[in-house]
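The values are calculated or read from the model by the stated rules, or taken from the named source; none is laboratory data. Keep in mind it's a predicted model, so treat the numbers as computed, not measured. Cβ coordinates were reconstructed from backbone atoms using ideal geometry, including for glycine residues, and neighbour counts include every protein chain displayed. Just the protein is used for accessible areas: all its heavy atoms, side chains included, with ligands, DNA and RNA removed. Shrake-Rupley method; radii C 1.70, N 1.55, O 1.52, S 1.80 Å.
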Amino acid sequence: MALPGKNQIIRDQLVIFSDVKLPRRHRLLDDLVAGREDVCQRLGLPTSDEPINVYLFKDESQYRSFMDERYPGFPDRRAIFVQDDTTLNVYAFWGERVAEDLRHEVTHGYLHSVVPNMPLWLDEGLAEYFEVGRGRHGRHQGHITALAEAFRDKRWSPEIQRLERLQNADEMTQLDYAESWLWTHFLLESTPANLKLAQDQLARLRMSGEVEPIAEQFAKHLPDATNQLVEHLRSLAEHESAKEIANAKSK
C-alpha cells in the first residue's frame, strides 16, 4: 500500500502529503501550524525546524490497509505518530474527527522534535490537552465526565506512580489517557508554581535526556498533589455542569 503523495504542502515544520486536495491556507492547516507556538510558549520550549511528515489518506480503508501492512503490531488507532531514528511521521485519514486526530498526533511531533525521552504519561497527557483546539485551555469534556463518574463510582482513583510505570501506549486504557490528561491539565492550568514545575521538568529532559519522576517532585514540593488533583477535577466537573444547566435554560 503506497503512502499518500498526490499533493504536498509545506507549512513551517509540517510537510503534508495528502490524497485529499487541500488549499495551502486551509483552516485546519492554519490551526496545526499555530499549534506549534501554543505548545512551545505554554511549555517554555524552543521551536524546531525538524520536519514532521504528515501522511493524510483519503479514507479509513486505505489508512487501515497501510497500517496493517507497514505496522502490523501497532495499536488500532484512527491516527498515529511514529518516530524512528531519522524521521517524525504522522499517519491519519480524512474523516469526521481528522482535526482532533491531527492536533493530537502533530503535538507529539512538536514535542519529540525538541524533547527526548518524553515520559509516556506526559507525552499523551500533553497531546490530549492540545487536541481540544485553541482557546479552550485544554478542557477535555469527555475526560472530565469519564473521570468524575469513575471516581464517584469508586472505579478509579489517581495514582501518578502507576502512570509513570507505563512504558507502551498499548498498555494504556481510556481512563489512563484521561488521568494523564488530568495531571497535565492540573500542572498547566492550576497555579503558576505547578506550571513552572512542568516547564522545569521538560527543560531538564531537553538538556540531559533524563529527569527524576514527577512523583518525586510532588513529594518534595507538593505532598498533597493527589488531593489537589481530585479537587481540580471536582472544580472542572462543577463548571461543566453549570454550563450545561445554563445552556438548557437558554433554549
Restricted to segment 77-96, and to residues that are in a loop (DSSP other than H, G, I, E, B) and over 17 Å from the mean Cα position of the chain (by Cα), which residue is nearest to V15 (Cα to Cα)? T87
For segment 57-74, does any single residue satisfy the condition of being modelled with pLDDT of 90 or more, in a helix (DSSP H, G or I), basic (K, R) and open to solvent by less than 70 Å² (accessible area, probe 1.4 Å)? yes
Here is a list of conditions, (1) open to solvent by less than 40 Å² (accessible area, probe 1.4 Å); (2) in a loop (DSSP other than H, G, I, E, B), and L29 meets all of them except one; can you say which number that is? (2)
Would you please list the contacts, defined by Cβ atoms under 7 Å and residues six or more apart or on different chains, that run from a residue in segment 1-24 that is without any contact (Cβ under 8 Å) to a residue 40 or more places away in the chain to a residue that is in a strand (DSSP E or B) and aromatic (F, W, Y)? G5/F17; Q8/F17; F17/Y55
Which condition breaks for R24 when tested against (1) farther than 28 Å from E171 by Cβ; (2) assigned to a helix (DSSP H, G or I); (3) touching a strand residue (DSSP E or B) at 6+ places or on another chain (Cβ under 6 Å)? (2)
Counting only residues that are touching a helix residue (DSSP H, G or I) at 6+ places or on another chain (Cβ under 6 Å) and surrounded by 18 or more Cβ atoms within 10 Å (Cβ to Cβ), which one in segment 75-95 is farthest from D123 (Cα to Cα)? F93
Quick one: in segment 32-56, which of the residues that are assigned to a loop (DSSP other than H, G, I, E, B) and without any contact (Cβ under 8 Å) to a residue 40 or more places away in the chain is least open to solvent (accessible area, probe 1.4 Å)? P51
